[in-house]
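J.: Got a structure for you, written out below as structure tokens; questions coming shortly.
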Amino acid sequence: MMTLSQEQANTAWVQFYEIFERTGLSSYYDMDKLKNELQSSPCAITEDMGTAYKGALLMHINMVCALAQRVAKMVSGTFQIDENSLLKACCIMHLSKRFMYVENENEWEIKNRGLLFKFAKDMEGCLKGGERSALEALNNGVNISPIEFEAIKCLDEADDTKNPFKSILTIIVKQANELAYAIEKERYNKISNKN
């Protein structure tokens, strides 16, 4: 299993914190607790995804933010995009994963199936990840616009690219996530092929 050094974890936290502060989100969360949770949370359950290690959630959110900013800049001549709304959606959308995954204790599943983590059994309700993240933010007092809410939960739905009513914010957030996951998986494949 991949691991982050303490220096990598601290550098990633500083990057995340700056974005969280910039978007005004830091006043709605216990930042010390959030730091500990993000530095120890995976972003997937299977090793082959490249994000099933402690701290992967923090790394993934940072990568999504960076990619979303680049994509937004590329289309800025055509579309007006509120960068704070973009970053806000990217930061919030995966935060529920702090509670959704727990370490797998089944050695056979780890060895034979690469299931380093599993879904927590004590999750209330039948909400998907983006919905849970948005609900936590709303319960913390964060104001979320309809467009931001749509973007936060864009990964909760099956691929609905034929829906012509999705906002450009949602399209960018979804694409940034897909790119981040592809990059993380490819990096994992390159590392595992070397071993």
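J.: Against the condition surrounded by fewer than 20 Cβ atoms within 10 Å (Cβ to Cβ), at pLDDT 95 or above and more than 21 Å from Leu135 (Cα to Cα), how does Thr11 come out, does it pass?
T.: In short, yes.
J.: Looking at Met100, Met93, which one is modelled with pLDDT under 95, under 30 Å from Met123 (Cα atoms), under 13 Å from the mean Cα position of the chain (by Cα) and surrounded by 14 or more Cβ atoms within 10 Å (Cβ to Cβ)?
T.: Only one candidate passes the filter, namely Met100.
J.: Go through segment 159-181 and count every residue that is modelled with pLDDT of 95 or more and small (Gly, Ala, Ser).
T.: 2
J.: Okay, next question. Exactly one of these conditions fails for Arg22: (1) in contact (Cβ under 8 Å) with a residue 12 or more places away in the chain; (2) more than 25 Å from Asn139 (Cα to Cα); (3) surrounded by fewer than 18 Cβ atoms within 10 Å (Cβ to Cβ). Give me its number.
T.: The single condition Arg22 does not satisfy is (2).
J.: Based on this model, can you work out whether Tyr28 counts as within 17 Å of Ile152 (Cβ to Cβ), open to solvent by 10 Å² or more (accessible area, probe 1.4 Å) and of a type in the set (Phe, Trp, Tyr)?
T.: So Tyr28 fits the description; yes.
J.: Working only within segment 110-163, note down all residues that are surrounded by 10 or more Cβ atoms within 10 Å (Cβ to Cβ), of a type in the set (S, T, N, Q) and part of a loop (DSSP other than H, G, I, E, B).
T.: Listed by number, the residues that qualify are Asn140, Asn143, Ser145.
J.: Between residues in segment 166-195 that are under 13 Å from Cys65 (Cα atoms) and of a type in the set (Lys, Arg) and residues that are assigned to a loop (DSSP other than H, G, I, E, B) and open to solvent by 60 Å² or more (accessible area, probe 1.4 Å), which pairs lie under 7 Å by C-beta distance while being six or more apart or on different chains?
T.: From residues that are under 13 Å from Cys65 (Cα atoms) and of a type in the set (Lys, Arg), the pairs are Lys174/Leu155.
J.: Does segment 10-22 contain any residue that is among the hydroxyl-bearing types (Ser, Thr, Tyr) and in contact with a helix residue (DSSP H, G or I) (Cβ under 8 Å, 6 or more places away or on another chain)?
T.: The answer is yes; a qualifying residue exists.
J.: To continue, here is another question. Can you work out which of the residues in segment 56-76 that are open to solvent by 20 Å² or more (accessible area, probe 1.4 Å) and either touching a Pro at 6+ places or on another chain (Cβ under 8 Å) or not aliphatic (A, V, I, L, M) (or both) is farthest from Thr11 (Cα to Cα)?
T.: Among them, the one singled out is Ser76.
J.: Restricted to segment 31-55, and to residues that are among the basic types (Lys, Arg) and either in contact (Cβ under 8 Å) with a residue 60 or more places away in the chain or within 23 Å of Asn140 (Cα to Cα) (or both), which residue is most open to solvent (accessible area, probe 1.4 Å)?
T.: Among those residues, the one meeting the criterion is Lys33.
The values are calculated or read from the model by the stated rules, or taken from the named source; none is laboratory data. If you're wondering where the values come from, they're calculated on a predicted model, not measured in any experiment. We place every Cβ from the backbone using ideal geometry, glycine too, and count neighbours over all the protein chains shown. The protein model used for the area step is the full one, side chains on, heavy atoms only, and it has no ligands, DNA or RNA in it. Shrake-Rupley method; radii C 1.70, N 1.55, O 1.52, S 1.80 Å.
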